[in-house]
Amino acid sequence: MRTSIVKLTWFLLLFSTAVFSQIDSTISENQYIYDLLESSSIDIEDSKLIEEIEYLIENKIDINSADVEELMQIPFIDNSVASKIIAFRDNYGFFTFKRAIYNVPDVPNSELEKVLPFVYFSDEKDIDIPITKVDPRNINIILRNRILYDAQIEQGFLNGKYQGTRLASYNRMQIKFDDRIKLYALIEKDVGESSYSDFHSFALSFEKILPFDNLILGNFQFKFGQGLAIWSPYAFSKGSDAINTVDRKSRILRPYSGSNESQFFRGIAFSKELYGVRLAAFYSSNQADVTLSDQNSFSSINISGLHRTENEISRKNNTNVVSSGLALEYYPYKNFKTEFLYFNTKFDKKLETSERYLPDSDFFNWYSVNYSLDLNNIYFSGETSSDGYNTATINNVMLALVKNVSLIFSLRVYPFDYFGLYSNGFGERNGTANETGFYSGVRLNTEYGEFDIYYDLYNFPSSTFSSTLPTSGHDYLINYETRLSSSLSLNARIKIEEKEEELLDGIEKKIGNVEKQNFRVSVDYKINPRFRLRNRVEFVNYSQSFGNNEKGWLILSDIRYNLSGVFRFYFRTVFFETESYNSRVYQFENDLPGVMSNPPLFGKGFRWYFAVSYNPLEIMKISLKYSELFKPNVNSFGSGNSEIPGQLDNRFSFQLDFDL
């Protein structure tokens, strides 16, 4: 073992210069992920969506054999774009190289560019050859090792509450055998946890080599329909894409290799098509962190995944959860899909559900029906789900009746007492409950640029976190993107949000209006293929009915440098000033591959970071990031055990990736 390590070290030192001209496409894909999330999501503070997108990139779709539904798995690709790609392929033959996709008519290049990171281009002869067995010589191993270190010491370490160390670590392995057998393994430790395998995950996936179309042993996700009954923790929210964030696009069954420590299943799952009906089923026996009321009942499920203090450790895996389910997919007509779902969950203790107007129980059932109807330029989709007591529903229609114009309309009705333990449907709030809303969006592609506009009107029939009474609200967004030249692009965004909340008027609480206005302009300048600059200015206005008016601003500057795809350097400075958290501003940060942060900035301060990515070998990538946040007018950051004394918060992170 020691001899192998020495040989590998000499190999890295002697040949790193020789391979300097190699181009690593995965780095450009990481940049694509960053741009995608930055433009799509407005104020998600901790985006785990990057794990979903990374999975899709690592498991690319064959564009020469995919159908419309498969292409719609790609983020922000709607039915109209997918249908035009398939129609062009059917009429003119296979796509033989990447740039051929730009020949698809009536689709802007900006839309087609979104497809490329998620697809590969097979030959016709490859598709015609039936695969009956796995070639053991065709093995791909992907390793990722990451450490994060906060230079400042949190209060939990100073007062002795944290039981572990200050280092966070992440170690993941993926092994693919001929792309038909896939093994995923992960161990992770958060800051303050004592065990370097505090969270561990394992999945083994078989695709089209056994009697099943797909068989998964270990951890997996089971997603259905529009997410009203069952979904993963990952879903896009409202953002600059006005069309494609509403309609959920599900692959029902998928191995789970993420680091989110909740909302996944552990056991066995499979899918199989028989006589035109696709069947998917699962059985899971997992554990959850819960807050116990007594030995036989609990009041809530904790999804943070943190096990730092004695109290958090005492809740770790203290309840068993057994779930099973069955989904059927059937096409009664070519373009009309129907899906049916039943699943249940049983805890070994009773869940106190009095606040949800359901009887306390340890056993829960869900039933759901999902549909989609493709009429070329009109696409209908929707789901209706029941928890046995109440029914939630969402229905969407997408229209592409006029060239370069796309429309979407969506109506959602989630009763205040609907209980969705694993749900993640589209809406203003998380939880898929206590909300009705009507969303409308339009995209206009013109010779002057692309406009995305949405308007969302919603109300909350029962009490919420911010009000004990029913409330309502609305928000709208206008996003404009254009290329002023081959090297200069412009993005302008306006978002206005107005909600009713319970506010303090003197000493009395009253229902009043809260309005937040965001105005953003960013300019990208590509000096040459290696060097790129970005500047952004954002203003925020926040106001309440009873006189609490605030303002805020942010000025951001980016430098990106790329040397032959082997060495990439990112540097950012951010100046900001807001009056409180209410007028906070957000900025997605370029980070290590597989990490994405969108920290809220408030108060007065300065943030900067640099990130470096270097490929000394075609099979190896080294990444690191250092960031600092300085606030001159504060004495500490955060609160409780997470409080950091002083005016500076800085972090160092380092990662190694191997693709063997």
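The values are calculated or read from the model by the stated rules, or taken from the named source; none is laboratory data. Here the structure is a predicted model, which is why all the values come from computation and not from measurement. FYI the Cβ positions are ideal-geometry reconstructions off the backbone, even for glycines, and counts take in every protein chain you see. For the accessible areas, the whole protein counts, side chains as well, though only heavy atoms, and no ligand, DNA or RNA atoms are used. Shrake-Rupley method; radii C 1.70, N 1.55, O 1.52, S 1.80 Å.
Miscellaneous remarks
- Accessible area (Å², per residue) of the range 253-377, counting only protein heavy atoms and a probe of 1.4 Å: 51
- Ordered by solvent-accessible area of protein heavy atoms (1.4 Å probe), largest first, the residues Asp178, Asp67 come out as Asp67, Asp178.
- Solvent-accessible area of Met173 with every protein chain in place, 1.4 Å probe, in Å² to the nearest 10: 70
- Calculated FRET efficiency, Leu421 to Asn376, Cβ-Cβ distance, R0 = 51 Å: about 0.85 to the nearest 0.05.
- Taking 7 Å steps out from each Cα toward its Cβ at Asp294 and Lys510 produces label points 4.5 nm apart.
- Rounded to 0.05, the FRET efficiency of the Gln287 and Asp67 pair, given R0 = 45 Å and the Cβ-Cβ distance, is 0.75.
- Short to long, the 5 Å bins of the Cα pair-distance histogram for the range 552-615 hold 4, 17, 25, 20, 14, 10, 6, 4, 1 percent of all pairs.
- Probe 1.4 Å, accessible area per residue of the range 381-494, Å²: 43
- Reach of Lys316 by Cα under 16 Å, taken over aspartates and glutamates that are not fewer than 8 positions away in the same chain: Glu188, Asp190, Glu193, Asp198, Glu261, Asp289, Asp294, Asp348
- Once the mean of 1/r is taken over each pair of separate Cα atoms and inverted, the range 343-487 shows a Kirkwood hydrodynamic radius of 17.7 Å.
- Every helix of 4 or more DSSP H residues in the chain counts as -39500 (n - 2.57), and over all residues that averages to -3000 deg cm²/dmol at 222 nm.
- Greater than 23 Å apart at Cα, pairs in Lys84/Lys334; Lys84/Lys176; Lys60/Lys98; Lys176/Lys272; Lys238/Lys346; Lys161/Lys349: Lys84/Lys176; Lys238/Lys346; Lys161/Lys349
- Here, P(r) means the percent of Cα pairs in each 10 Å bin from 0 to the largest distance; for the chain it is 3, 13, 24, 29, 22, 8, 1, 0.
- Per residue, the range 517-563 exposes an accessible area of 52 Å² to a 1.4 Å probe, with every protein chain left in place.
- Accessible surface of Glu618, taken over heavy atoms with a 1.4 Å probe and every protein chain present, rounds to 130 Å².
- Considering only the Cα atoms of the range 503-634, their convex hull presents on average a projected area of 10.2 nm².
- Zone residues, the range 443-476, relative to Ile303, backbone N less than 18 Å from point 7 Å out along Cα-to-Cβ: 464-466
- The slack in the chain from Lys334 to Asn159, taken as 0.36 nm per residue of separation less the alpha-carbon distance, amounts to 56.6 nm.
- Linear extension gain, Leu274 paired with Asn395, 0.36 nm per residue minus alpha-carbon span: 40.7 nm
- FRET efficiency, Leu210 to Glu113 (Cβ-Cβ, R0 41 Å, nearest 0.05): 0.65
- For the range 563-660, diffusion coefficient by Stokes-Einstein and Kirkwood Rh (Cα), 20 °C, 1.002 mPa s, µm²/s: 142
- Working note: Karplus 6.51/-1.76/1.60 with θ = phi - 60° gives the range 217-232 the couplings 10, x, 8, 7, 10, 10, 10, 9, x, 9, x, 6, 9, 8, 7, 8 Hz, where Gly and Pro are set to x.
- Selection from Leu373, Ser386, Ala400, by position along the positive dipole direction of the range 366-432 (Cβ): Ala400
- Rh by Kirkwood over Cα pairs, then Stokes-Einstein D for the range 402-522 at 1.567 mPa s and 4 °C, µm²/s: 78
- Close Lys pairs in the range 490-549 (alpha-carbon distance under 30 Å; sequence gap of 8 or more, or different chains): 7.
- With distances taken between every two different alpha-carbon atoms, the range 352-429 has a Kirkwood hydrodynamic radius of 14.5 Å.
- For the chain, relative contact order (Cα pairs under 8 Å, six or more residues apart, normalised by length) works out to 12 percent.
- Heavy-atom accessible surface of the chain: percent carbon and sulfur, 1.4 Å: 57
- Subtracting the Cα-Cα distance of Ser639 and Ser122 from their residue separation scaled by 0.36 nm leaves 180.8 nm.
- Largest to smallest accessible area among Phe202, Phe567 [probe 1.4 Å]: Phe202, Phe567
- Base-10 log of normalised Debye intensity for the range 50-99 (one unit scatterer per alpha-carbon) at q = 0.23, 0.32 Å⁻¹: -0.90, -1.26
- Exposure rank, largest accessible area first [His474, His307; 1.4 Å]: His474, His307
- Within the assembled protein chains, the solvent-accessible surface assigned to Asp123 is about 80 Å², based on a 1.4 Å probe.
- Long hydrophobic helices in the chain: the complete DSSP H runs spanning 18 Å or more by Cα along their own axis with mean Kyte-Doolittle hydropathy of at least -1.0 are 2-15, 25-40, 79-92.
- Calculated on the alpha-carbon coordinates, the convex hull of the range 256-318 measures out at 114 cubic angstrom per residue.
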